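Undergrad: Mind looking over this structure? Questions follow.
Just so it is clear, none of the values below were taken in a lab; they were calculated from the coordinates. Since the structure is predicted, the reported quantities are computational estimates derived from the model, not experimental observations. Heads up, the Cβs are rebuilt from the backbone with ideal geometry, glycines too, and the neighbour counts pull from every protein chain shown.
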Ligand SMILES: [Mn+2]
C-alpha cells in the first residue's frame, strides 16, 4: 500500500510582511495577502498530489487574530481539503499557543488538533499510520516535549509532530528543545518539525527522517529564497521519497553590486539593471523584493556617500526596479563602497599613510577588533532602538568590520579635504 502526505509548518497566516518600503497601493494589497495565497497554493498542491493527510507542525497563525476573519478564511481552506477526503493534523506552536490564541475555533471534521496537555497519538487504520504530537499550551515551553512522546506503535508508519528549537539552532528562541538522539530513541519513521523557518537542502537525519519544512512564505529580508513544504511518499510502510515543493508568491533577494574602480554613473545603472533583472528571472515570475548593496573601491565612492546626493542614488535604484517590472521592488539600498585612496596611501609616510596602516592592522587582528566592541555595542544598541531597520541579526564582528571601513572612509575623506 502506498500513500503521500505533506509536512508543512510556520504558515504564519496574516503575518504582515516587513520592510517593503514604497510600493504601489494596489500591489501592496496583493503582497499583504502573500501568507494566505501561499496557503491556498499548499491546499491546491495537496489536492493535486492526492495526499492522504496534511501535517501542520505549529505556527499556523502569526498570533492573536485581528478579527474572526483570519480563522474563518482558514477554515474555508480546510473545507476544500475535506471535500477531497484529506485529513489535517495540527499542533500549536509558540505563535499560536493556546494561551495566546484564545478565540474558540470549531474546526471542520477533517481537522484534528492534537492535545496541548500531553503527547497524543492518532492512528489511521486505512493507511497504517500512527501520528504522535503535542502542541504548545503557552508560548514559552522550555521543557523537552519529545522526551515524553510514546514509543512507536508496531506495524505502523510512525510520525512525530513537534514544534521545537532543536539543538544546534541556538540563535532561535529555545522552545521545546530536544536532540536528534532523543527523537531517534522513539523508533519513529518520520519527524515533522516546525519553528525553524530556514529551509535546509538536506534532512537533519535520514533514519528516522528528521526535517524542518521551513515556512511557506518568506516575510522579510532574513527569510530569503524559495519557501514551501515537503511532500513525502510512503510505500509498504517505508519512506520512499521526500521532495520540496515551493508555495511562496513573493521572494526576498539580497544583491551585491560590486562597482569597478573606474565605473561611472551609467555603468552603475547598467549593473543595477542587470542584477535586478537576473534576480527577478531567477524567482520565476514571483513578486521579488530586493535589498541592494553597493560595494567596491571606486571613484564614485565620494559621490555615492555624499549625504546630499544619497537620496537621488537610492531613487535611481528604485526607478530601475520599477522599469523592469511592477512585480519587483526595493526593500533597502545599502551603500557600502570605499574610496580608492586607502590602498594607495598605505605606502606613504604621511598621516594618511599611518591611518591606513593602523586600520589595516586592526582589520587583521580579530582580538583587537573584539576589544573595541563592548563600547561600540552599547552605542549600537542605542542607535538601533532609535532607528528601526538598523537592527540586523548579524553578529557584532561583522558589524565591527563594516564600521571600521566606514570610519576609515570618513577619516580619509576628512583628512584629504583638509590637506
Ligand atoms: Mn515558532
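Undergrad: Can you give the calculated 222 nm mean residue ellipticity of the chain, where each DSSP H run of n ≥ 4 adds -39,500 (n - 2.57) and the sum is split over every residue, rounded to the nearest 500 deg cm²/dmol?
TA: -10500 deg cm²/dmol
Undergrad: Of the DSSP beta bridges with both residues in the chain, give the percent that are antiparallel, rounding to the nearest 5.
TA: Within the chain, antiparallel bridges account for around 30 percent of the total.
Undergrad: Right, something else. Calculate how many DSSP beta bridges within segment 43-192 are antiparallel, expressed in % of all such bridges and rounded to the nearest 5.
TA: 25 percent
Undergrad: Is the shape of segment 165-230 best called rounded, prolate or oblate, per the rule: a/c under 1.5 gives rounded, else a/b larger than b/c gives prolate, else oblate, with a ≥ b ≥ c the square roots of the Cα gyration tensor eigenvalues?
TA: In terms of gyration-tensor shape, oblate.
Undergrad: Rounded, prolate or oblate: which fits segment 96-155, taking a ≥ b ≥ c as square roots of the Cα gyration tensor eigenvalues, rounded meaning a/c under 1.5, else prolate when a/b beats b/c?
TA: oblate
Undergrad: Just to verify a number: FRET efficiency for residue 226 and residue 107, C-beta to C-beta distance, R0 = 45 Å, to 0.05?
TA: With a Förster radius of 45 Å, E is 0.95.
Undergrad: Moving on. Using the per-residue mean of other Cβ atoms lying within 10 Å as a proxy for protection, in what order, highest first, do the peptides 328-337, 50-59 fall?
TA: 50-59, 328-337
Undergrad: Return, for the Cα atoms of segment 2-246, the radius of gyration and Dmax in Å, separated by a comma.
TA: In order Rg, Dmax, the Cα atoms of segment 2-246 give 17.0, 57 Å.
Undergrad: Kindly identify segment 249-337 as rounded, prolate or oblate by the Cα gyration tensor criterion: order the square roots of the eigenvalues as a ≥ b ≥ c, call it rounded if a/c is under 1.5, otherwise compare a/b with b/c, prolate if a/b is larger, else oblate.
TA: Note, shape of segment 249-337 comes out prolate.
Undergrad: Of the peptides 184-197, 262-275, how do they stack up when ordered by the mean number of other Cβ atoms within 10 Å, highest first?
TA: Packing proxy ranking, top to bottom: 184-197, 262-275.
Undergrad: Relative to 2.2 N^0.38 Å, what does the C-alpha radius of gyration of the chain come to as a ratio? Two decimals please.
TA: Dividing the Cα radius of gyration by 2.2 N^0.38 Å gives 1.17.
Undergrad: Using DSSP, restrict attention to beta bridges with both residues in segment 154-265 and report what percent are antiparallel, rounded to the nearest 5.
TA: 45 percent
Undergrad: At a Förster radius of 41 Å, what calculated FRET efficiency corresponds to the Cβ-Cβ distance of residue 278 and residue 184, to the nearest 0.05?
TA: Result of the calculation: an efficiency of 0.45.
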